[in-house]
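Student: Handing you a structure now.
The values are calculated or read from the model by the stated rules, or taken from the named source; none is laboratory data. As the structure is a prediction and not an experimental result, all values here were calculated from the model. Cβ: placed from backbone, ideal geometry, glycine included. Neighbour counts: every protein chain shown. Calculation scope for accessible area: heavy atoms of the full protein, side chains included, ligands and nucleic acids excluded. Shrake-Rupley method; radii C 1.70, N 1.55, O 1.52, S 1.80 Å.
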Amino acid sequence: VGTLNPVRGADLASEVAGLVRSVNFKSGQDVPAGALLVQLNADADVAQLHALEAAADQAETVLKRDQAQLAVQAVSQAQVDADTNSLKAARAQVEQQAATVDKKAIRAPFAGRLGITTLQPGQYVNAGNTLVTLQTLDPIYVDFTLPQQQLNGLAVGQTVKLTVDTFPGQTFSGKINAINPKVDPSTRNVQVEATVANPKRDLLPGMFADVRIDVGGVEERLTLPQAAITYNPYGSTVFV
């Protein structure tokens with residue numbers, strides 16, 4: 001019994017509160033990594049950033065002027081050192097404010113398919129509110145557990161086959177990519193994870209799957225109908 005999970009999946013949220021200015025995606029859309037999804041209003045933050053950049057430029061100008069005066073012994077070295085520290089502090093404030101502005105733009109951290117959202121421009125969102133879910137569907141993981149006595153027949157890279165009731169009669173193939181190094185002491189089962197190719201995006205996270213693993217090598221056996229065997233106390237016989 002297995003459960004399908006995304007290789008990468010996250011409920012995207014904003015680190016800061018703000019008013020939604022634009023929603024740049026549609027529900028169910030496939031997006032690349034880094035795509036701008038939601039833009040919050042950042043006018044005040046951008047204005048503050050420009051003010052800090054002007055202060056940093058002024059601090060740099062003061063430092064250059066005092067360095068020139070130091071060359072002719074018009075100011076002390078202590079003054080130049082203070083100017084240098086002031087410039088570093090001003091640039092640090094610029095970087096901090098730029099990071100705040102950047103947080104107002106919510107981007108896709110990885111490529112995948114977006115879920116359904118009711119987010120609209122003009123809506124106010126609080127920090128931590130889920131905006132939309134993002135899932136990577138190809139490939140996809142299938143997680144399942146096996147009894148500890150089956151560990152001897154498992155290995156990373158082993159082929160697994162799975163079926164889902166959504167597509168009866170269709171089999172999907174994958175390979176084991178990880179075996180949990182710890183056995184659950186309550187169930188004596190070990191968790192196994194396999195990666196399954198999903199180019200058509202038919203398999204979705206959360207689906208139930210029936211997973212099968214072929215353990216051991218191929219062996220040839222001669223099969224007989226039960227009616228052809230005579231069972232005796234000294235052994236079974238077969239008439240050919």
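Student: Write out the GluC sites (Glu not before Pro) in the range 178-240 meeting two conditions: DSSP loop, and at most 14 other Cβ atoms within 10 Å of their Cβ. List each step's numbers first, then the result.
Tutor: Working: sites: E193, E219, E220; in loops: E219, E220.
Sparse-neighbourhood loop GluC sites (Glu not before Pro): E219, E220.
Student: Let's see if you can work this out: charge +1 on each Lys and Arg Cβ, -1 on each Asp and Glu Cβ, no other charges. What is the dipole magnitude of the chain about its Cα centre, in debye to the nearest 20? Please list the in-between numbers first.
Tutor: Working: 19 positive and 23 negative charges, 88 e Å.
Computed charge dipole of the chain: roughly 420 debye.
Student: Per residue, how much accessible area does the range 19-124 show when a 1.4 Å probe rolls over the protein heavy atoms, in square angstrom?
Tutor: Working: 6310 Å² over 106 residues.
I get 60 Å² per residue for this part.
Student: For the range 98-240, build the charge dipole from Cβ charges (+1 Lys, Arg; -1 Asp, Glu) around the Cα centre, then report which of L222, Q149, F167 sits farthest towards its positive end.
Tutor: Farthest along the dipole direction, towards plus: F167.
Student: Taking trypsin sites (Lys or Arg not before Pro) that fall in a DSSP loop and have at most 16 other Cβ atoms within 10 Å as cut points, what is the longest piece of the chain between them?
Tutor: That would be 27-187.
Student: For the charge dipole of the range 10-112, defined by +1 on Lys and Arg C-beta atoms and -1 on Asp and Glu C-beta atoms about the Cα centroid, which residue among V75, H50, P32 has the Cα displaced farthest towards the positive pole?
Tutor: Comparing the listed Cα positions along the dipole, P32 ranks first.
Student: At a 1.4 Å probe radius, carbon and sulfur cover how many percent of the accessible area of the range 1-106? Write down the numbers at each step before the final one.
Tutor: Values: 3070 of 6080 Å².
About 50 percent, which is the carbon plus sulfur part of the accessible surface.
Student: While we're looking at this one, here's another question. Of the cross-linked pairs K103/K200; K26/K103; K26/K88, which ones have a Cα-Cα span greater than 31 Å in the structure shown? Walk me through the numbers on the way to the answer.
Tutor: Numbers: K103/K200 34 Å; K26/K103 21 Å; K26/K88 43 Å.
Among K103/K200; K26/K103; K26/K88, the Cα-Cα distance tops 31 Å for K103/K200; K26/K88.
Student: Give a residue-ordered list of calculated ³J(HN,Hα) values for the range 181-193 (Karplus: 6.51 cos²θ - 1.76 cosθ + 1.60, θ = phi - 60°; whole Hz; x for Gly, Pro).
Tutor: Listing the rounded values in order: x, 10, 8, 5, x, 7, 10, 6, 10, 10, 7, 10, 10 Hz.
Student: Still on this structure, please answer the following. How large is ³J(HN,Hα), in whole Hz, for each residue of the range 147-163 in order, when computed from phi with the Karplus curve 6.51 cos²θ - 1.76 cosθ + 1.60 and θ = phi - 60°, using x for Gly and Pro?
Tutor: Whole-Hz 3J(HN,Hα) from phi for the range 147-163: x, 5, 5, 8, 4, 5, x, 9, 7, 5, x, 5, 7, 10, 10, 9, 10.
Student: Given the options T145, T61, T117, which has the most mean-square fluctuation in a GNM of the chain, springs set between C-alpha atoms less than 10 angstrom apart?
Tutor: Result for the chain, Cα springs under 10 Å: T61 fluctuates most.
Student: Between (i) 32.0, 119; (ii) 17.8, 54; (iii) 18.9, 58, which matches Rg and Dmax of the Cα atoms in Å calculated for the structure shown?
Tutor: Derived directly from the coordinates: (i).
Student: Here's a follow-up. Between helix 43-71 and the chain, what is the angle of the helix's C-alpha long axis to the longest principal axis, kept within 0 to 90° and rounded to the nearest 10?
Tutor: Helix 43-71 sits roughly 60 degrees off the main axis of the chain.
Student: Of F208, F167, F172, which has the most accessible area and how do the rest follow, probe 1.4 Å? Kindly include the intermediate steps, with their values, before the conclusion.
Tutor: Values: F208 115, F167 55, F172 20 Å².
Reading off the accessible areas and sorting them downward yields F208, F167, F172.
Student: Tabulate in residue order the Karplus-calculated ³J(HN,Hα) for the range 28-40, using 6.51 cos²θ - 1.76 cosθ + 1.60 with θ = phi - 60°, rounded to whole Hz; enter x for Gly and Pro.
Tutor: x, 7, 8, 10, x, 5, x, 5, 6, 9, 9, 10, 8
Student: Compute the helix-to-body angle for 77-103: its Cα long axis versus the longest principal axis of the chain, expressed 0 to 90° and rounded to tens.
Tutor: The two axes meet at around 40 degrees.
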